[in-house]
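Undergrad: The following block contains the structure, expressed as structure tokens.
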Amino acid sequence: MNIDRYPYVFPRISKSILNKLRMTDIALYSMITSDNAAYLCNLLDDILKKYKIDMSKLRGLDLGCNTGGVLYYFLQKCKHMTGIEFEPLHVEICHHNIKTLDKEKELLNKLTLIYGDVEEIFMSKQLNISNAKYYNEKYVKSRSKNSDALQDIELVYIGTPFIDLKYGNTRVELLILRIKEMYNPSIIIVQLPCSIYNDIHNVFYKTTLYKMLKMLHHTYDLSFMLDYKQNDRCSNLHLILVKRKGNIIKSKAETIHLKCEYKLQRILNSLVQKFDIECYKHKFDINIIWRSLDYESYYIDCVYNNNKITFNSKTRGKNGEVEAVKFKIPYEMTDEEKEISNKTNNIKCHVKYDRFKNIITDVVIV
């Protein structure tokens, strides 16, 4: 892809390093652009300083760390981070990308990466990682139900699954309350959908969020962080919960404006007034993000055989084992392409594939 067209998506680092990064068509490089993630972590550092909390001394959790786009910035700020991810391909890409970006070779020493089920680990009576695996370029089965990496946690980031707001069968608000009960952390950051996309979102914003904040606001100071694109559309919404401490001076509650999301705007403003929620806002030099990036990206590890291209991937098997998967898309390779490879079959290639239309639009012989 042409990385120069998307400077805000990836970390601000040399192009030679960026070209080694991996992504997927679902997770992309990150669910939040690097500019957004970097700004968020700097903001959290500033907020914590008001509470006399040193972020560099905190041990943190990233629940649903995806391919590590946000985790990378938490690693730069925190003493240690544990990332937990359900999809094995995302786990492997997360490790690869952080290792690739780790110029000083320090971040991996502060990272514990776990391939596991957030619901299974946290929603039992006790912590349980007996079915999870650690990943450090290979998978290692956990030998106990507990882990030192999951002790003394003071910061928790929850990258909420946007469609159903659930981890398995556990609704995100129940996970938040469980994390509070288990760790009583200094700060909890929760990514929330910035639109009411379906009935689940509607119920969450109309009733569930209010009930949860009512339970938490005596213990935690509440904030919203809103990211805006250049077209004034909101691109990210985070709920920030910081454990109350003394008389912290808060900014006057501001009115939230959400272009084309007036129902959500009304609900959030009502919550701001009800719970004295502080609002942080920032407009980024960003317009279109993911769809155009997806269209310009190439799939790797593809093989051409008999007028079909095979895509290779990995997924979570029935018992949590890492399982290799393949799928094939029809493609008639040109004589010129075959000539480049000096083969007629078993041709390794990179493929531009439009998964929305299920067609291959370009092939590069490796």
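The values are calculated or read from the model by the stated rules, or taken from the named source; none is laboratory data. Please read these numbers as outputs of a predicted model, since none were measured by experiment. Please note: Cβ atoms are built from the backbone with ideal geometry, for glycine as well, and neighbour counts cover all protein chains shown.
Undergrad: Looking at segment 217-250, which of the residues that are over 19 Å from LEU155 (Cα atoms) and hydroxyl-bearing (Ser, Thr, Tyr) is modelled with the highest pLDDT?
TA: Ranking the qualifying residues of segment 217-250, first place goes to TYR228.
Undergrad: Let me ask something else about it. In segment 30-57, which residue that is part of a loop (DSSP other than H, G, I, E, B) and touching a helix residue (DSSP H, G or I) at 6+ places or on another chain (Cβ under 8 Å) is modelled with the lowest pLDDT?
TA: The extreme case among them is SER30.
Condition check ((1) crowded, with 17+ Cβ neighbours inside 10 Å; (2) within 27 Å of PHE204 (Cα to Cα); (3) not assigned by TED's automatic domain parsing to the domain that holds GLN191) across all residues:
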position	(1), (2), (3)
GLY83	yes, yes, no
GLU106	no, no, no
ASN109	no, no, no
VAL118	yes, yes, no
LYS125	no, yes, no
VAL156	yes, yes, no
THR160	yes, yes, no
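Undergrad: Please go through (1) exposed (fewer than 15 other Cβ atoms within 10 Å of the Cβ); (2) in contact with a Lys or Arg (Cβ under 9 Å, 6 or more places away or on another chain); (3) of a type outside the set (A, V, I, L, M) for ASN169 and return the number of the only condition it doesn't satisfy.
TA: (2)
Undergrad: Yes or no: LYS281 more than 30 Å from LYS357 (Cβ to Cβ) and at pLDDT 90 or above?
TA: So LYS281 fits the description; yes.
Undergrad: Another one. Of all residues in segment 77-91 being charged (D, E, K, R) and within 18 Å of VAL118 (Cβ to Cβ), which is nearest to the chain's Cα centre (by Cα)?
TA: For segment 77-91, the residue satisfying everything is GLU85.
Undergrad: Same structure, new question: If we keep just the residues of segment 53-76 that are small (Gly, Ala, Ser) and under 18 Å from the mean Cα position of the chain (by Cα), which is surrounded by the fewest Cβ atoms within 10 Å (Cβ to Cβ)?
TA: Within segment 53-76, the match that is surrounded by the fewest Cβ atoms within 10 Å (Cβ to Cβ) is GLY64.
Undergrad: Restricting attention to segment 132-154, which residues are under 24 Å from PRO185 (Cβ atoms) and either outside the structural domain of PRO185 (by TED's automatic domain parsing) or at pLDDT below 90 (or both)?
TA: SER142, SER144, LYS145, ASN146, SER147, ASP148, ALA149
Undergrad: Condition (residue is surrounded by fewer than 12 Cβ atoms within 10 Å (Cβ to Cβ), in the same structural domain as PRO185 (by TED's automatic domain parsing) and either small (Gly, Ala, Ser) or in contact with a Ser or Thr (Cβ under 6 Å, 6 or more places away or on another chain) (or both)) applied to segment 233-240: is it met by at least one residue?
TA: No; the residues of segment 233-240 include none that is surrounded by fewer than 12 Cβ atoms within 10 Å (Cβ to Cβ), in the same structural domain as PRO185 (by TED's automatic domain parsing) and either small (Gly, Ala, Ser) or in contact with a Ser or Thr (Cβ under 6 Å, 6 or more places away or on another chain) (or both).
Undergrad: Determine, yes or no, whether SER270 is farther than 22 Å from MET212 by Cα and either touching a Leu at 6+ places or on another chain (Cβ under 9 Å) or of a type in the set (Gly, Ala, Ser) (or both).
TA: No; evaluated as a whole, the condition is false for this residue.
Undergrad: Give the residue that is nearest to ILE200 (Cα to Cα), with candidates limited to residues of segment 243-282 that are of a type in the set (S, T, N, Q) and surrounded by fewer than 13 Cβ atoms within 10 Å (Cβ to Cβ).
TA: SER270
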